[in-house]
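Below you'll find the structure, written out as structure tokens, and then a few comments.
The values are calculated or read from the model by the stated rules, or taken from the named source; none is laboratory data. Keep in mind the model is a prediction, meaning the values are calculated, not measured. Ideal geometry is used to build each Cβ from the backbone, glycine not excepted, and the neighbour counts take in all protein chains shown.
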Amino acid sequence: MSAPEYLAYHDEEWGRPVHDDDELYERITLEAFQSGLSWLTILRKRESFRAAFAGFRIDAVARFGDRDVRRLLSDAGIVRNRAKIEAALANARAAMELDRGLAELVWSFAPSGRSRAPRALPDVPAVTEESKALARELKKRGFQFVGPTTAYALMQACGLVNDHLVGCAARAAVERDRQAARTPARGSR
């Protein structure tokens, strides 16, 4: 049986559309910190990450300096990896420099059309052409620790793709959320 934190994340969050810049920045940061580690480790440290990184507010983290790097390196509540910490700060600064929001940039790489629902874990790709293109664009704009695998994990986490397996109870809920995100509310233009 999976850990409760992992089950809650899978059932309530993973694959749900995220269109808020700060929330996307959080996911990029956590995906980068997860590299080489268990996702459960990151989930268990998530609240500490939020506290350490100013709630993942891009404008706040973009102002972090050397003192903050030292503070983060001594914070046992997070993953203390200098390269990943420095990447998180660089990514906030890169996000601040975007001519359009981070969400608009990331979502511009969402695959078009319906993809077949995966039947088993081996059917779920680790990298796609879209994730390669997203990683290239993010790197071009100064983002770090965002290779094609991390970019695809971000796409999965933020609802650009729905990789819940056929028969997974969360799959239908994610599809409803994705449809609602594409459908304008009544009375809006």
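What pairs can you find where one residue is in the stretch 9-20 and without any contact (Cβ under 8 Å) to a residue 24 or more places away in the chain and part of a loop (DSSP other than H, G, I, E, B), the other is surrounded by 15 or more Cβ atoms within 10 Å (Cβ to Cβ) and of a type outside the set (G, A, S), and their Cβ atoms are less than 8 Å apart, with a gap of 6+ or different chains?
none
Being more than 16 Å from the chain's Cα centre (by Cα) and of a type outside the set (S, T, N, Q): is that true of P125 here?
So P125 passes the test.
Identify, from the list L102, L154, L160, L98, the residue that is touching a residue at least 40 places away in the same chain (Cβ under 8 Å), more than 30 Å from D68 (Cα to Cα) and of a type in the set (A, V, I, L, M).
That would be L160, the only listed residue that is touching a residue at least 40 places away in the same chain (Cβ under 8 Å), more than 30 Å from D68 (Cα to Cα) and of a type in the set (A, V, I, L, M).
Quick check, is A92 of a type in the set (G, A, S) and within 16 Å of the chain's Cα centre (by Cα)?
yes
If I ask for residues that are touching a Lys or Arg at 6+ places or on another chain (Cβ under 7 Å) and under 17 Å from A151 (Cα atoms), which ones from the stretch 77-116 would you list?
The one that is touching a Lys or Arg at 6+ places or on another chain (Cβ under 7 Å) and under 17 Å from A151 (Cα atoms): A94.
Can you find a residue in the stretch 26-43 that is in contact with a Gly (Cβ under 9 Å, 6 or more places away or on another chain), in contact (Cβ under 8 Å) with a residue 12 or more places away in the chain and over 27 Å from A172 (Cα atoms)?
yes
Within the stretch 24-62, which residues are among the aromatic types (F, W, Y) and part of a helix (DSSP H, G or I)?
Y25, F33, W39, F49, F56
May I ask you to list pairs of residues, at least six apart or on different chains, whose Cβ atoms are under 6 Å apart, with the first in the stretch 67-91 being more than 22 Å from K139 (Cβ to Cβ) and the second being among the small types (G, A, S) and loosely packed, with under 15 Cβ neighbours inside 10 Å?
These pairs meet every condition: G77/S48; I78/S48.
For the stretch 112-140, give me each residue that is surrounded by 12 or more Cβ atoms within 10 Å (Cβ to Cβ) and either aromatic (F, W, Y) or closer than 23 Å to A169 by Cα (or both).
Passing the criteria: S115, A117, P118, D123, V124, P125.
Please list, ordered by residue number, the helices (runs of 4 or more DSSP H) wholly in the stretch 100-189 having 3 or more residues that are modelled with pLDDT of 90 or more and of a type outside the set (D, E, K, R).
102-107, 129-140, 148-157
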